[in-house]
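To start, the structure itself, in structure tokens.
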Amino acid sequence: MLQRDYPDRPLVGLGAVIVRDREVVLVRRASEPLRGKWSLPGGMLELGETLRQGIAREVLEETGLRVRVEQVLDVFDSIVPDATGRTQFHYVLIDFLCVPLGGELRAGSDVSEVVWAAVDELKRFGLTENAVAVIGKAFGESRKQ
């Protein structure tokens, strides 16, 4: 089993910005980090899978949606120290633009809720600055296509 808290090295995490019209899929996390908070669907890259395979798998597991994985929107660090300052979580996160192809939106593994959220209503979900920024990039990129 992968040691997620207090790892001995950074872990590769993947995020999906799944868009349609002026909406994006958000999930409420059921485990740490960010337990109980809204965020983008995603998870950990597994040994032997490509980045695109990994994010497609995570999206299906968490949301029930099949997606076409498009370009990388952002790459950033998420480093969370504990109360003593020791690094409890350290991820290198890669967020991809994704387009839904099918499936039925439902809360799956590691999430307690999943919704299509209108872009103009994102404030009420209390998203991180990074999540808001990458969602903005996604809609900027999707308008170019």
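Can you list the residues, at least 5 places off or on another chain, whose amide H is less than 5 Å from the amide H of residue 37, using H built in the peptide plane?
Answer set, sorted by chain and number: 29.
Could you point to the residue in 7, 69, 116 farthest towards the positive end of the chain's charge dipole, with +1 and -1 charges on the Cβ of Lys/Arg and Asp/Glu respectively?
116
Under a Cβ-only charge scheme (Lys and Arg +1, Asp and Glu -1), can you give me the dipole magnitude of the range 31-101 about the Cα centre, in debye to the nearest 20?
Values: 7 positive and 11 negative charges, 26 e Å.
It comes to approximately 120 debye.
Would you kindly state how much longer the chain becomes between residue 77 and residue 132 on full extension, computed as 0.36 nm times their sequence separation minus their alpha carbon distance, in nm to one decimal?
Working: separation 55, 0.36 × 55 = 19.80 nm, distance 1.53 nm.
Contour length minus Cα-Cα distance gives 18.3 nm.
If I take every Cα pair under 8 Å that is 6 or more residues apart in the chain, average their sequence separation and divide by the length, what percent do I get for the relative contact order? Display every interim value, and only then the final one.
Values: 291 pairs, mean separation 46.2, N = 145.
So the answer I get is 32 percent.
Could you calculate the FRET efficiency of residue 106 with residue 84 from 1/(1 + (r/R0)^6), where r is the beta carbon distance between them and R0 is 30 Å, rounded to 0.05?
Calculated value: 0.15.
About the Cα centre of the range 93-145, how large is the charge dipole given +1 on each Lys and Arg Cβ and -1 on each Asp and Glu Cβ? Please answer in debye to the nearest 20.
Its charge dipole is roughly 200 debye.
To the nearest 20 Debye, how big is the dipole of the chain about its Cα centre, given +1 on the beta carbon of each Lys and Arg and -1 on that of each Asp and Glu?
260 debye
Treating the chain as a set of equal point scatterers at the Cα positions, no solvent, please give the Debye-formula log₁₀ I(q)/I(0) at q = 0.09, 0.12, 0.13, 0.14 Å⁻¹.
-0.25, -0.45, -0.53, -0.62
Would you compute, from DSSP H runs of 4+ residues alone, the mean residue ellipticity of the chain at 222 nm, taking -39500 (n - 2.57) per run and dividing by the full residue count, rounded to the nearest 500?
Roughly -6500 deg cm²/dmol at 222 nm, from the helical runs in the chain.
For 65, 105, 45, 122, what ranking results if the residue with the fewest other Cβ atoms within 10 Å of its Cβ goes first?
105, 122, 45, 65
Only the coordinates and a few stated rules stand behind these numbers; no lab work does. It should be emphasised that the depicted structure is a prediction, and the values quoted were computed from it without experimental measurement. We place every Cβ from the backbone using ideal geometry, glycine too, and count neighbours over all the protein chains shown.
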